[in-house]
Amino acid sequence: MAINIILLGPPGAGKGTQSRRLEEERGLVQLSTGDMLRAARSSGTEMGNRVAEIMDKGQLVTDEIVIGLIRERLEGSTGAGFIFDGFPRTLGQADALRDLLAGLGQKIDAVIEMQVDDEALVERITGRFTCGNCGEVYHDKTRPTKVAGVCDACGSTDLRRRADDNEDSLRTRLLEYYKKTSPLIGYYYAAGVLHPVHGLAEIDQVAGQMAGVLDALPGKG
């Protein structure tokens, strides 16, 4: 049976890393609204043309359109299930997703909340940098390069930091996340599908916590 899950967590909590593992290990498909909007914009379909027109005007794409894109993906799938990342962000979107899934005979099986300590998260994110050539990830304190300024993996000196990986920007993003997400945590707790995990543990440990959640779902293990 298919498993549909939502990953909740602030910027830098590791949702992308864990989504990739779930895709590889369980055959789940990550549904990123950003990726779907970009794909729709260049698709040439009627829906895609609507998306392109709205985005070209600098306007926000409506929930109705996002739900329509999700519907298209769900209706055309015969896979093991989906990972919703970046959606829903509001209670209205959560209701719309619930209704859409119900109409397709599906539901959200688990909402995994990647809990983090804000101060530790700030330290993690502001200290990270990557190799622009091979993508290897480093950290000032926990994983510096062996030779300063040189990538261990490929020898490149093209080491980069994201422009928004600074403390002021991150704290602004965290505040926005908590303002939007706090109601969702209560929403899914009341629905009996919320499962918190320690988001700042080692990657393998976080993956193990998630596996424990998914394997314990009725009929899904």
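The values are calculated or read from the model by the stated rules, or taken from the named source; none is laboratory data. Only a predicted model underlies this, so the values are computations on that prediction, with no experimental measurement involved. Here the Cβ positions follow ideal geometry from the backbone for every residue, glycine too, while neighbour counts run over all protein chains shown.
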Practice task
Search the stretch 194-204 for residues being modelled with pLDDT under 95 and outside any loop (DSSP other than H, G, I, E, B), and hand back the single one that is surrounded by the most Cβ atoms within 10 Å (Cβ to Cβ).
Solution key: His198
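Just a yes or no: is a residue in the stretch 70-91 acidic (Asp, Glu), within 18 Å of the chain's Cα centre (by Cα) and under 30 Å from His139 (Cβ atoms)?
yes
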Problem - Residue list for the stretch 43-96, filter: touching a residue at least 40 places away in the same chain (Cβ under 8 Å) and either farther than 21 Å from Leu214 by Cα or touching a strand residue (DSSP E or B) at 6+ places or on another chain (Cβ under 6 Å) (or both) - result: Arg73, Gly79, Phe82, Ile83, Phe84, Asp85, Gly86, Arg89, Thr90, Leu91
Practice task
Output the residue which, of all residues in the stretch 149-181 that are assigned to a helix (DSSP H, G or I) and β-branched (Val, Ile, Thr), is surrounded by the most Cβ atoms within 10 Å (Cβ to Cβ).
Solution key: Thr181
Practice task
Report those helices (runs of 4 or more DSSP H) wholly inside the stretch 1-109 carrying at least 3 residues which are closer than 25 Å to Gly186 by Cβ.
Solution key: 15-26, 63-75, 91-103
Problem - The lone exception for Asp85 - which of (1) of a type in the set (Asp, Glu); (2) touching a Lys or Arg at 6+ places or on another chain (Cβ under 6 Å); (3) more than 19 Å from Tyr177 (Cα to Cα) it fails - result: (3)
Handout entry: the stretch 18-43, subset under 9 Å from the mean Cα position of the chain (by Cα) and surrounded by fewer than 20 Cβ atoms within 10 Å (Cβ to Cβ), residue nearest to Leu174 (Cα to Cα)
Key = Ser32
Exercise for the section: Answer yes if at least one residue in the stretch 182-190 is surrounded by fewer than 16 Cβ atoms within 10 Å (Cβ to Cβ), within 30 Å of Ala110 (Cα to Cα) and in contact (Cβ under 8 Å) with a residue 40 or more places away in the chain, and no otherwise. Expected result: yes
Completion exercise
If we ask which residues in the stretch 50-66 are of a type in the set (Gly, Ala, Ser) and on the phi < 0 side of the Ramachandran plot, their number turns out to be 1
Fill in the blank from the handout: When the stretch 126-148 is checked residue by residue, the ones that are modelled with pLDDT under 90, exposed (fewer than 13 other Cβ atoms within 10 Å of the Cβ) and part of a strand (DSSP E or B) are Val137
Handout entry: Some residue of the stretch 184-193 being within 25 Å of Leu28 (Cα to Cα), under 19 Å from the mean Cα position of the chain (by Cα), not small (Gly, Ala, Ser) and not in a helix (DSSP H, G or I)
Key = yes
